[in-house]
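The structure appears below as structure tokens.
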Amino acid sequence: MELHILEHSLKVASIEKEGIQICTHGLIKLAFLASKTRCKFFSLTETPEDYTIIVDEEGFKELPQSEHISVADATWLALNVVSGGGSASSSQPIGVTKIAKSVIAPLADHNISVFMLSTYQTDFILVRERDLPMVTHTLSSEFTLFRVVNGETVAAHNLGVTNGFVKPKLVPRPIIHPLSSPSNMFCVTSLDPDTLPSVATLLMDVMFYSGGPKEPGASGEDSTHIRFFSFSLIEGYISLVMDEQTAQRFPNNVLFTSASGELWKMVRIGGQPLGFDECGIVAQISEPLATADIPAYYISTFKFDHALVPEENIQSVIVALRTKSTAQ
């Protein structure tokens with residue numbers, strides 16, 4: 001398999017809910033007027049706590065300076081596993097569980113923190129730029145390494161140092177963070193960029209205006225139902241994650257659907273904000289799923305992590321993960 005190191009230098013930031021209004025101009029430009037910017041990598045995810053934005057340096061320039069924006073203290077690079085050549089975006093989603101043992105676990109063994117973004121098209125593994133030599137050293141035995149330079153994919157030579165690294169001591173990875181599963185069912189979907197203008201008003205409403213703060217249980221709403229919406233526009237490909245009710249607001253035949261019309265349930269990881277320095281959180285979750293051959297999308301946000309698994313698997317997933325967390 002091939003591992004592509006994309007050329008985007010990425011920022012990961014949090015926008016407070018009360019500060020989203022001052023950012024909407026820049027965010028709308030990044031999402032709907034991409035041709036007016038030089039941004040090639042943009043992702044915005046809303047959770048109950050905040051908005052998480054992953055954006056390249058050109059896109060970051062579109063955002064205002066504000067006390068409501070917190071930026072992670074690192075520049076991140078995106079890695080992408082490609083099976084059998086070809087562009088990542090032309091292949092079917094492989095799911096984070098398919099790369100759990102070959103990418104996620106080895107990086108965790110070497111104490112390399114990762115930030116995950118699964119999309120409809122593929123999975124991006126974000127690593128700190130300063131960790132790249134260790135990353136390439138760790139993965140070079142499993143993958144043919146390529147680097148994207150000025151849009152061209154070239155062989156990656158001498159990215160890693162082959163000496164001076166200590167072989168890691170492999171230790172068990174118990175799940176140490178609380179897990180919860182909201183009541184929502186989610187769709188992972190996409191749409192043709194050419195149709196984006198026709199649903200832009202609806203998408204803007206979903207992204208910025210229809211998810212205002214609500215009191216738990218207000219209007220009879222299930223208190224375990226959470227606000228979660230993710231929009232990514234990466235190298236021209238759109239990915240959307242939304243709950244079933246939100247998807248029903250879209251016109252027929254606009255959103256891509258799988259033949260099975262599959263719905264996904266969420267496992268939310270973390271009781272307190274997770275931070276960026278702890279290693280192995282993604283591995284703790286993805287390894288048991290890989291062992292059970294359960295596909296999953298995984299979306300890290302500024303404060304918590306989120307795994308999406310097929311609806312029919314959610315009970316067995318929760319049992320397996322909670323068993324792993326109490327078995328140590």
Got a sec to turn the phi values of the stretch 303-312 into Karplus ³J(HN,Hα) couplings, 6.51 cos²θ - 1.76 cosθ + 1.60 with θ = phi - 60°, whole Hz, x for Gly and Pro? 10, 9, 10, 9, 10, 10, 10, x, 3, 6
For residue 253 and residue 70, FRET efficiency with R0 = 35 Å and r from the beta-carbon atoms, rounded to 0.05? 0.35
Hey, of [x] 21, 55, 20, 4, 0; [y] 35, 61, 4; [z] 32, 61, 7, 0, which did the structure itself give for P(r) over Cα pairs in 20 Å bins from 0, in percent when calculated? [z]
Round to the nearest 0.05 the FRET efficiency obtained for residue 38 and residue 244 when R0 = 25 Å and r is the Cβ-Cβ distance. 0.10
Given a 1.4 Å probe and the protein chains all in place, what does the accessible area of residue 287 round to, in Å² to the nearest 10? 40 Å²
If the chain between residue 61 and residue 102 were fully stretched, how many nm would it gain, using 0.36 nm times the residue separation less the Cα-Cα distance? 11.3 nm
For the stretch 130-158, list residues with backbone N below 16 Å from a point placed 7 Å from the Cα of residue 9 toward its Cβ? 130-133, 148-151
Sorted by accessible area (1.4 Å probe), largest first, how do 298, 120, 237 line up? 237, 120, 298
Residue pairs, from the table 40/303; 29/265; 61/101, whose Cα atoms sit over 28 Å apart: 29/265; 61/101
Suppose R0 equals 25 Å; then what is the FRET efficiency for residue 183 and residue 28 from their Cβ-Cβ distance, rounded to the nearest 0.05? 0.25
Give me the one-decimal nm value for the distance between modelled label points at residue 322 and residue 155, 7 Å along each residue's Cα-to-Cβ direction. 5.2 nm
Cα gyration tensor category, rounded, prolate or oblate, for the stretch 278-328 with a/c compared to 1.5: oblate
Taking one equal scatterer on every alpha-carbon of the stretch 108-151, how large is log10 of I(q)/I(0) by Debye at q = 0.25 1/Å? -1.13
Counting sequence-distant residues (5 or more places) and residues on other chains, those with an amide H built under 5 Å from that of residue 9 are 57
Label-point separation, residue 111 to residue 291 (7 Å along Cα→Cβ), nm: 2.5 nm
For residue 118, residues with placed amide H under 5 Å, excluding near neighbours: 124, 298, 299, 300
For the stretch 119-124, in order, what is each residue's ³J(HN,Hα) by Karplus, 6.51 cos²θ - 1.76 cosθ + 1.60 with θ = phi - 60°, in whole Hz (x at glycine and Pro)? 10, 4, 8, 6, 10, 10
Rounded to the nearest 500, the 222 nm mean residue ellipticity computed for the chain from DSSP H runs (n ≥ 4, each -39500 (n - 2.57)) alone is -5000 deg cm²/dmol
Distant-in-sequence amide H partners of residue 156 (H built 1.01 Å from N, under 5 Å): 145, 146, 147
Indicate, rounded to the nearest 5 percent, the antiparallel portion of the DSSP beta bridges found entirely in the chain. 95 percent
Rounded to the nearest 20 debye, dipole of the chain from Cβ charges on Lys, Arg, Asp, Glu: 540 debye
Projecting the Cα atoms of 41, 197, 132 onto the charge dipole of the chain, where Lys and Arg contribute +1 and Asp and Glu -1 at Cβ, the residue farthest towards the positive end is 132
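The values are calculated or read from the model by the stated rules, or taken from the named source; none is laboratory data. Just so it is clear, the model here is predicted, and its values are computed rather than measured. In this analysis, Cβ positions are derived from the backbone assuming ideal geometry, glycine residues included, and neighbour counts consider all displayed protein chains. Calculation scope for accessible area: heavy atoms of the full protein, side chains included, ligands and nucleic acids excluded. Shrake-Rupley method; radii C 1.70, N 1.55, O 1.52, S 1.80 Å.
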